[in-house]
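Okay, structure first, notes after.
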Amino acid sequence: PQAGFINAISDDDGVIRSAPLVAEYQGHYYESLALGLYRRYRASDGNLPAIVPHYAQASAKLSYPYLDGLRLQHASNSQTIAVDSKVAMLVPYRGRGGANAGSFTYISAKDVLQGKLAPASLKGKVVVLGSSAPTLEDLRVTPMGNTYPGVEVQANLVAGLIAGQVAVQPDYASAFELLQLLTLSLLL
């Protein structure tokens, strides 16, 4: 019942460390698959939480408010998901990927189609369909390895949202890294 885009953001070295939660295309805004699944997971009484932009207050440094999160509003409760300037979050990787050593349970589509899987075994679970077959070319370069299944990137995003493990790289990260390098070089 939920769908969304699966784009991820490769850093300059080609490694996927973050993924956008919302993207604009031809004047319309679309949610990522991970955000769509998370909204479906949080839906109670069949109604999806609404996505509302959350803006940081203007400060002495910035004279204008800027988008710093997405607020999911549903009835009386709401949750704000922190995002960076690209409306993205860092992927909270759980570990190695793949059917044999993956962080998530893999179930063969063949077993599902042939009725070998008990229907109750998926009840209440978030299921992401995808492939880890190299010939389908959905393998990505991530901090976990050079051949990480793209479907697990999305699964890690959903799991991170559910667990509340949402992290973004702060705007001052580059300056902080430079300061660390300078301090380390002075110590050496």
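The values are calculated or read from the model by the stated rules, or taken from the named source; none is laboratory data. Every value quoted in this text rests on a predicted model; they were computed, and no experiment measured them. Because the Cβ atoms are built from the backbone with ideal geometry, glycine has one as well, and the counts that use them run over all protein chains shown. With ligands, DNA and RNA removed, areas are computed over all heavy atoms of the protein, side chains included. Shrake-Rupley method; radii C 1.70, N 1.55, O 1.52, S 1.80 Å.
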Sequence ranges 149-155, 72-78, 14-20, ranked by mean other-Cβ count within 10 angstrom, highest first: 149-155, 14-20, 72-78
Note down the magnitude of the dipole of segment 1-112 about its Cα centre, charges +1 on Lys and Arg C-beta and -1 on Asp and Glu C-beta and zero elsewhere, to the nearest 20 debye. 280 debye
Just to make sure I understand: if all protein chains stay in place, what is the order of S174, S132 by accessible area at 1.4 Å, largest first? S174, S132
Shape of segment 64-108, Cα gyration tensor, a/c cut at 1.5: oblate
What's the magnitude of the charge dipole for segment 66-142 around its Cα centre, counting Lys and Arg as +1 and Asp and Glu as -1 at the beta-carbon? Answer in Debye, nearest 20. 260 debye
Rounded, prolate or oblate: pick one for segment 2-92, where a ≥ b ≥ c are the square roots of the eigenvalues of its C-alpha gyration tensor, a/c under 1.5 means rounded, and failing that, prolate if a/b is larger than b/c, else oblate. oblate
Specify the residue with the greatest mean-square fluctuation among L178, L35, L113, computed from a Gaussian network of the chain linking alpha-carbon atoms under 10 Å apart. L178
Report the one residue of V128, Q154, Q165 whose Cα lies farthest in the direction of the positive end of the charge dipole of segment 92-188 (charges on C-beta: Lys and Arg +1, Asp and Glu -1; origin at the Cα centre). V128
Taking every pair of Cα atoms in the chain, average 1/r, invert it to obtain the Kirkwood radius, and report Rg/Rh to two decimals. 1.02
Output the Kirkwood hydrodynamic radius of segment 88-185, Cα pairs only, in Å rounded to one decimal. 15.9 Å
If you filter segment 117-183 for trypsin sites (Lys or Arg not before Pro), then keep DSSP loop positions with at most 11 other Cβ within 10 Å, what is left? K123, K125
Protection-proxy order for peptides 39-46, 161-168, 141-148, each taking the mean of Cβ atoms within 10 Å per residue, highest first: 141-148, 161-168, 39-46
The relative contact order of segment 48-188, taking Cα pairs under 8 Å that sit 6 or more residues apart, comes to a percentage of 21 percent
Within the accessible area of the chain, what % is carbon and sulfur when the probe is 1.4 Å and the other protein chains stay in place? 55 percent
